[in-house]
Amino acid sequence: MATTDDAPRRDEQLQRRLARGEETALGELYDQLAPMVHGLAGRILADQSAAAQLTREIFAHVWEHPDSFDPSRGSLRSWLGALTHRRAVDRLRARRAEAAGWAGPAEEDEIRTVATAARVQYVVSALPQPLRETIAESYYDGRTYQETAHRLGISEQAAKQRMRLGLALLATELEQEREQHRPAAPAAGDPRGGLPDARSTDGPRAGEDGQRTEGGGT
């Protein structure tokens, strides 16, 4: 998770490079975030082969639709997290429905629980190491501040400060991901009353001649 002031600018620059068809930009983004995308997909789907396939699809989507990323609604990482989360949940729901013939309330509750836990782990995994390890000790392992401080060799006050900061960053990132799921506000004077939902961006991006002519695929 980027925490510096120039992170939004870097995201916008990367988006512009992707829009120009620069394969090196896609490579940079893949090297940076593919492990986290794969990890999130794997935790939701519990299938490494399916997670690898979904990861490839996600970055193919990024390559074809860089303009569907809106920097004003969060970071590239948040956008990828929201996209991966949505598609993985849809895939898991379809798989459960195919196996059982339908997805009842119990299955839906389990899917939401699995997906929420995976999303939190995805965000925590990108926190700076001091915050990540403090949350792991206190939040996941259920240790007190005193126990966490002792295990990490820091003061109890430092453990509390790290925990507060980590949870604040976690909440901010999760809100950005939720924002990525919300439909865009209608543009002024747009008779359609708004933009298409995210599902309409899954098709190929066409240029003036109906084909993408720069760069290549993943």
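Looking across 7, 99, one residue alone is out of contact with any helix residue (DSSP H, G or I) (no Cβ under 7 Å at 6 or more places or on another chain) and more than 20 Å from residue 125 (Cβ to Cβ). It is 99.
A quick yes/no check of all residues on (1) within 25 Å of residue 108 (Cβ to Cβ); (2) free of Cβ contacts under 8 Å to residues at least 60 places away in the same chain:
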position	(1), (2)
21	no, no
27	no, yes
31	no, yes
36	no, no
40	yes, no
44	yes, no
49	yes, yes
54	yes, yes
63	no, no
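Looking for something in contact with an Asp or Glu (Cβ under 8 Å, 6 or more places away or on another chain), assigned to a helix (DSSP H, G or I) and open to solvent by 10 Å² or more (accessible area, probe 1.4 Å) - is there at least one such residue anywhere in region 19-40? The answer is yes; a qualifying residue exists. Selection within region 78-92: residues that are over 12 Å from residue 58 (Cα atoms) and of a type outside the set (A, V, I, L, M). The member of this set that is least open to solvent (accessible area, probe 1.4 Å) is 78.
State yes or no: is residue 14 within 19 Å of residue 67 (Cβ to Cβ), under 13 Å from the mean Cα position of the chain (by Cα) and surrounded by 14 or more Cβ atoms within 10 Å (Cβ to Cβ)? Taking the combined requirement at face value, the residue does not satisfy it. When 92, 131, 80 are screened for being closer than 18 Å to residue 176 by Cβ and more than 13 Å from the chain's Cα centre (by Cα), only 131 passes.
For residues in region 1-11 being surrounded by fewer than 17 Cβ atoms within 10 Å (Cβ to Cβ) and of a type in the set (A, V, I, L, M), which is nearest to the chain's Cα centre (by Cα)? Checked region 1-11; the qualifying residue nearest to the chain's Cα centre (by Cα) is 2. Right, residue 50: aliphatic (A, V, I, L, M), more than 30 Å from residue 6 (Cα to Cα) and open to solvent by 30 Å² or more (accessible area, probe 1.4 Å) or not? So residue 50 fails the test. Filtering region 119-130 down to residues that are touching a helix residue (DSSP H, G or I) at 6+ places or on another chain (Cβ under 7 Å) and assigned to a loop (DSSP other than H, G, I, E, B), which residue is modelled with the highest pLDDT? The qualifying residue modelled with the highest pLDDT is 127.
Here's the yes/no breakdown for (1) among the aliphatic types (A, V, I, L, M); (2) under 27 Å from residue 71 (Cβ atoms); (3) in contact with a Leu (Cβ under 9 Å, 6 or more places away or on another chain); (4) part of a loop (DSSP other than H, G, I, E, B):
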site: 110; (1), (2), (3), (4): no, no, no, no
site: 114; (1), (2), (3), (4): yes, no, yes, no
site: 117; (1), (2), (3), (4): yes, no, no, no
site: 132; (1), (2), (3), (4): no, yes, no, no
site: 137; (1), (2), (3), (4): no, no, yes, no
site: 150; (1), (2), (3), (4): no, no, no, no
site: 158; (1), (2), (3), (4): yes, no, yes, no
site: 170; (1), (2), (3), (4): yes, yes, yes, no
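Within region 53-75, the set of residues being in a helix (DSSP H, G or I), within 25 Å of residue 171 (Cα to Cα) and either aromatic (Phe, Trp, Tyr) or open to solvent by 10 Å² or more (accessible area, probe 1.4 Å) (or both) comprises 68, 71, 72, 73.
The values are calculated or read from the model by the stated rules, or taken from the named source; none is laboratory data. Everything numeric here is computed off the predicted structure, so don't read it as measured data. Note that each Cβ is placed from the backbone with ideal geometry, even for glycine, and that neighbours are counted across all protein chains shown. These accessible areas exclude ligands, DNA and RNA; they are computed on the full protein's heavy atoms, side chains included. Shrake-Rupley method; radii C 1.70, N 1.55, O 1.52, S 1.80 Å.
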